[in-house]
Amino acid sequence: MREFKGRKPRWSRLIPFALACLLALGLVISLTVNALNDDGADAAGPATRQKASPKRTAATGKAAAKAPTKTAAQAAAPRLSAAQIAAKTSQLKKQLAQYLKQVTQNGHVAVSFYNLAPVAGSAAAKASDAAVYQSGNLATAVNGNQRMVAASTFKLFITAWLFHEVETGAKTWTATDEDGFQRMIVNSENDYAENVLAQSGAAPLNSYFATLGTGYVFRPGTAASTTASDLMTMLKAIAQGTGPFADAALRQKLLTAMGKQIYRTGIPAAASTVAAGSVVQDKVGWLGSTDNDAGIVTTPAGDRYLLVIMTDNGSYQDFSQIAAIAKQVQTIVYG
């Protein structure tokens, strides 16, 4: 019977085996930690992830109400270069001018557009192309100086005169004035405006309007008339709080009434179609085949613009042509 003798361990085999075990254990631990991290990221949701740089398209919310806000990552997106800003500005103005020439070539339509700077702190103000939309960069008008029947848009001029009289101390605002004013703007009733014109006289009013940079509005024996450019001058003063609209309380009175005016199938309907939730403060007018609308628009994303559309080839109190033009203008400029 042979005596058993213990064998010496062969370290050349044991050491590689031990190292392999350690590597395998390390891999298992690493995979487990990564899985836990992935679960945590999924639980945090997509709001914590970076998104692509903001663009002005209907899908990303530049003119759409679905996504009016932007993440911090989007707000920090690089701004367009000066060359890119110039190129985009030129492209948008060209597209807008081409469209307006098309819809006004019959001579029965006049349009004036003026973009205001985006609302401070809004998604539009933080967009990479915000510089394109600084006040007046995209201003465009076709047939802007063509004199047309004003219809009830002349009540914006009456309002300017009234506020001027109050601000200079020539008039005291009474309960009768308040009632008449609200009916004049909200319901577009005529009696109060006609009384102001009769009491003050056309000549003094026209002279005052000239100081604001507009032409005449009233002529004896004829309907009140104006131009899209002159109505735009009035809208700018209202929006910017200048001239007769410098008094904050009076200005807000007018803007509130314009926001509540009841004929909203023109610019208000168009703006809401393009960007649901848009705020529109406007004044309409109609007389025979004339239909006009002059408004201030603010989209949910924070874009702001002024738009005047005058027509004299429509039906009585039919703002469908105005709505179609306004919708296309907003789509071209803001997406």
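The values are calculated or read from the model by the stated rules, or taken from the named source; none is laboratory data. Quick caveat: nothing in here was measured; it's all calculated off a predicted structure. Note that each Cβ is placed from the backbone with ideal geometry, even for glycine, and that neighbours are counted across all protein chains shown.
If Asp230 satisfies all but one of (1) of a type in the set (Asp, Glu); (2) touching a helix residue (DSSP H, G or I) at 6+ places or on another chain (Cβ under 7 Å); (3) closer than 30 Å to Val119 by Cα, what's the number of the condition it fails?
Asp230 satisfies every listed condition except (2).
Counting only residues that are of a type in the set (Val, Ile, Thr), closer than 24 Å to Phe209 by Cβ and in contact (Cβ under 8 Å) with a residue 24 or more places away in the chain, give me the strands (runs of 3 or more DSSP E) lying completely in the stretch 242-315 with at least 3 of them.
Fully inside the stretch 242-315 and qualifying: 304-311.
Could you grab me the full set of residues in the stretch 241-296 that are within 16 Å of Leu162 (Cα to Cα) and of a type in the set (Lys, Arg)?
Correct list: Arg251, Lys253.
Quick check: is even one residue across the stretch 163-180 under 23 Å from the mean Cα position of the chain (by Cα) and either of a type outside the set (Val, Ile, Thr) or at pLDDT 95 or above (or both)?
no
Sort out which residues of the stretch 133-182 are surrounded by fewer than 16 Cβ atoms within 10 Å (Cβ to Cβ), among the polar types (S, T, N, Q) and touching a residue at least 40 places away in the same chain (Cβ under 8 Å), and write them in order of number.
Matches in the stretch 133-182: Asn145 only.
Can you tell me which residues in the stretch 131-140 are more than 16 Å from Ala83 (Cβ to Cβ) and either part of a helix (DSSP H, G or I) or not assigned by TED's automatic domain parsing to the domain that holds Gly302 (or both)?
Of everything in the stretch 131-140, just one residue is more than 16 Å from Ala83 (Cβ to Cβ) and either part of a helix (DSSP H, G or I) or not assigned by TED's automatic domain parsing to the domain that holds Gly302 (or both), namely Tyr133.
Go through the residues of the stretch 218-241 one by one and say whether even a single one is at pLDDT 95 or above and farther than 26 Å from Val142 by Cβ.
Yes, the stretch 218-241 has at least one match.
With respect to Lys253, is the statement that it is in contact with a Phe, Trp or Tyr (Cβ under 7 Å, 6 or more places away or on another chain) and of a type in the set (Lys, Arg) true?
No.
Can you tell which of Val111, Val119 is surrounded by fewer than 16 Cβ atoms within 10 Å (Cβ to Cβ), within 18 Å of the chain's Cα centre (by Cα) and in contact (Cβ under 8 Å) with a residue 24 or more places away in the chain?
When all the criteria are applied, what remains is Val119.
Within the stretch 295-302, identify whether any single residue is crowded, with 24+ Cβ neighbours inside 10 Å and more than 18 Å from Lys236 (Cα to Cα), and answer yes or no.
Yes, there is a match, as at least one residue in the stretch 295-302 is crowded, with 24+ Cβ neighbours inside 10 Å and more than 18 Å from Lys236 (Cα to Cα).
Would you pick out the residues in the stretch 244-265 that are buried (at least 19 other Cβ atoms within 10 Å of the Cβ), under 16 Å from Met234 (Cβ atoms) and in contact with a strand residue (DSSP E or B) (Cβ under 7 Å, 6 or more places away or on another chain)?
Met258, Gln261
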